Amino acid sequence: MGPRRKNVKPCSVNREGSESTKADEPKDYMNQLSHEVLCHIFRYLPLQDIMCMECLSRKLKEAVTLYLRVVKVVDLCAGRWWEYMPTGFTDSSFLTLLRKMPDIEQLYGLHPRYLERRRVRGHEAFSIPGVLEALQACPNLLGVETSHLELVEAIWTYMPQVHILGKFRNRNGAFPIPPENKLKIPIGAKIQTLHLVGVNVPEIPCIPMLRHLYLKWVRLTKPQPFKDFLCISLRTFVMRNCAGPTNSLKYVPLVTGLASARNLEHLELVRVPFLGGLIQHVVEDSWRSGGFRNLHTIVLGACKNALEVDLGYLIITAARRLHEVRIQPSLTKDGVFSALKMAELEFPQFETLHLGYVDEFLLQCKMTNGDLVKYGLADVVENPGIITDIGMKAVNEVFSCIKYLVIYNCPHLHNPNNWITDHSRWTRLVDLTLVRCHAIKLDSFSQFIELLPSLEFISLDQMFREPPKGCARVGLSAGTGIGVSSALVSNQNSNNDNDNNNNHQNNNNPNIHHNNHQHPNDQNEENELRQDGQAEEQQIAAEGIK
């Protein structure tokens, strides 16, 4: 009789192996979540990442489909409004995508790198007709954000009920203006912010919803482009170096239309040949009803026919809220500030004054004035500002609360020490920039600096061969246009001042050194306007503009 065999149960061994295998496998937490939770997570992801999840599992595909059915706001650029939307779209694929979102109301980031003007048979492309067909497939669509000139014009033509969201700014602007850059703005276009750079425009019509209008290197092709101009909701109007009518009488509707915008806050006219004395008469007729009374920024640069009374009436009317004034050289005169002094006005919110203002484009442009006239710009030859020490004394008495002061190319200034009086001095002045004021005396300027208790930053360009005495306490780098905050520079004695003076060199850079307090750059402006636009769009959506 042989040995007794033990019965081994194979099932127990397989069970242990399967348990160990399950323990080694990573758990799929995503498939364990409900569709509602997945849709909530998708709200925080870019659309491109959401679409990539369709191919991961059946449940994720179902969740993506469910999310697209109920989504109302979509951004194709994932919040990066300065970028372009993903490449690879065709007319059919874009139509398929939007058909998956039947409830979409606001479409942001429609910034294609290139769009075909027409469809071609047998060729899959991304075209303007294809985009329009896809947008028309969304019955609840209220607004679209785009930066394409031809696309926005097509939306205005074939979908007039759709709002242009955010800040419209074309991305192919240049000077001289490319002939293909053209835009026809319809009457009553549903847009709140219009920023055009290097575009041919027939006219600026009546746009009741428009709040911010920025025109730079824009050619107005019609003989009377402002005949129907009326933007009653306008808050910002900037017109820089635009080619328009040479007859100054044709700018009368523009100025009267601006006076009708009771909420206008920012007015900037550079190289606009309006009729001299026109602003004075318009202000006299409209100030009682609120015309120009809410201005906080006034900029006049290279306006050929502008008179002192035009500038003076604007300043007097907006005295209560005025923050910043930039004055072209031809208006930088003693008489302007002497008249303001006699008016005995108060400027409680005033901070920034730029005397002898010249637009950056005109400073940096290598073309002569004759070349600019050939491209349609007005014939303007700027001479240096003729303000004297008497006028600067009046400036001190009129704008006693000033914080930022820029003086450019004023050769008739000699003794800054005479600008300050015993009963009026710039106690709040923290930033001083002087450029090409060659006649200022060194000793007088040194005494002037000592009379400014709050001064923190000085920038001098093409002024002195060596810095004036007493400048070390505010971190002066004379002649280089570079200054340092006084908080970062310790007080030094006279010996250290003399040692530092030997290291300074003169710099012949003709450009003005700007700081963020005085002149926000275009990018900051874009961010502010975009934020304002998005806030307004949310308000519109809440009110139900459908």
Inset, instruction - Would you tally the residues in the range 147-180 being assigned to a loop (DSSP other than H, G, I, E, B) and of a type outside the set (Gly, Ala, Ser)? - result: 16
Inset, instruction - Give the residues of the range 97-118 that are under 22 Å from Val64 (Cα atoms) and loosely packed, with under 13 Cβ neighbours inside 10 Å, sorted by residue number. - result: Arg99
Inset, instruction - Taking the residues in the range 25-41 that are part of a loop (DSSP other than H, G, I, E, B) and modelled with pLDDT of 75 or more as candidates, determine which candidate is surrounded by the most Cβ atoms within 10 Å (Cβ to Cβ). - result: Leu33
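Kindly check whether there is at least one residue in the range 315-323 that is within 30 Å of Phe175 (Cβ to Cβ) and open to solvent by 10 Å² or more (accessible area, probe 1.4 Å).
Checked against the condition, which is being within 30 Å of Phe175 (Cβ to Cβ) and open to solvent by 10 Å² or more (accessible area, probe 1.4 Å), the range 315-323 yields at least one hit.
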Inset, instruction - Would you check if there is a residue in the range 241-249 being touching a Gly at 6+ places or on another chain (Cβ under 7 Å), touching a residue at least 24 places away in the same chain (Cβ under 8 Å) and part of a loop (DSSP other than H, G, I, E, B)? - result: no
Legend entry - Filter result for Ala78 (in a loop (DSSP other than H, G, I, E, B), closer than 25 Å to Lys190 by Cα and open to solvent by less than 60 Å² (accessible area, probe 1.4 Å)): yes
Inset, instruction - Count, please, the residues in the range 351-383 that happen to be surrounded by fewer than 17 Cβ atoms within 10 Å (Cβ to Cβ) and either at pLDDT 95 or above or in a loop (DSSP other than H, G, I, E, B) (or both). - result: 8
Legend entry - the range 94-133, residues that are in contact (Cβ under 8 Å) with a residue 40 or more places away in the chain and aromatic (Phe, Trp, Tyr): Phe94, Tyr108
Inset, instruction - Could you tell me which residue of the range 250-282 is most open to solvent (accessible area, probe 1.4 Å), considering only residues that are hydrophobic (A, V, I, L, M, F, W, C) and outside any helix (DSSP H, G or I)? - result: Leu275
Inset, instruction - Please work out if Val131 is crowded, with 17+ Cβ neighbours inside 10 Å and either under 30 Å from Cys365 (Cβ atoms) or within 18 Å of the chain's Cα centre (by Cα) (or both). - result: no
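Of everything in the range 283-308, what is closer than 20 Å to Ser260 by Cα and either of a type in the set (Phe, Trp, Tyr) or in a helix (DSSP H, G or I) (or both)? Give them in sequence order.
Of everything in the range 283-308, those that are closer than 20 Å to Ser260 by Cα and either of a type in the set (Phe, Trp, Tyr) or in a helix (DSSP H, G or I) (or both) turn out to be Val283, Glu284, Asp285, Ser286, Trp287, Arg288, Ser289, Phe292.
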Inset, instruction - Enumerate the pairs (first residue in the range 369-391 and touching a residue at least 24 places away in the same chain (Cβ under 8 Å) and over 30 Å from Asn417 (Cα atoms); second residue anywhere and hydrophobic (A, V, I, L, M, F, W, C) and assigned to a loop (DSSP other than H, G, I, E, B)) with beta-carbon separation below 6 Å, excluding pairs fewer than 6 apart on the same chain, so at least 6 apart or on different chains. - result: Val380/Ala302
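The values are calculated or read from the model by the stated rules, or taken from the named source; none is laboratory data. In this text the structure is predicted, and so the values were computed from the model without any measurement. Methodologically, a virtual Cβ is constructed for each residue, glycine included, from the backbone with ideal geometry; neighbour enumeration extends over all protein chains shown. Accessible surface areas use protein heavy atoms only, side chains included; no ligands, DNA or RNA. Shrake-Rupley method; radii C 1.70, N 1.55, O 1.52, S 1.80 Å.
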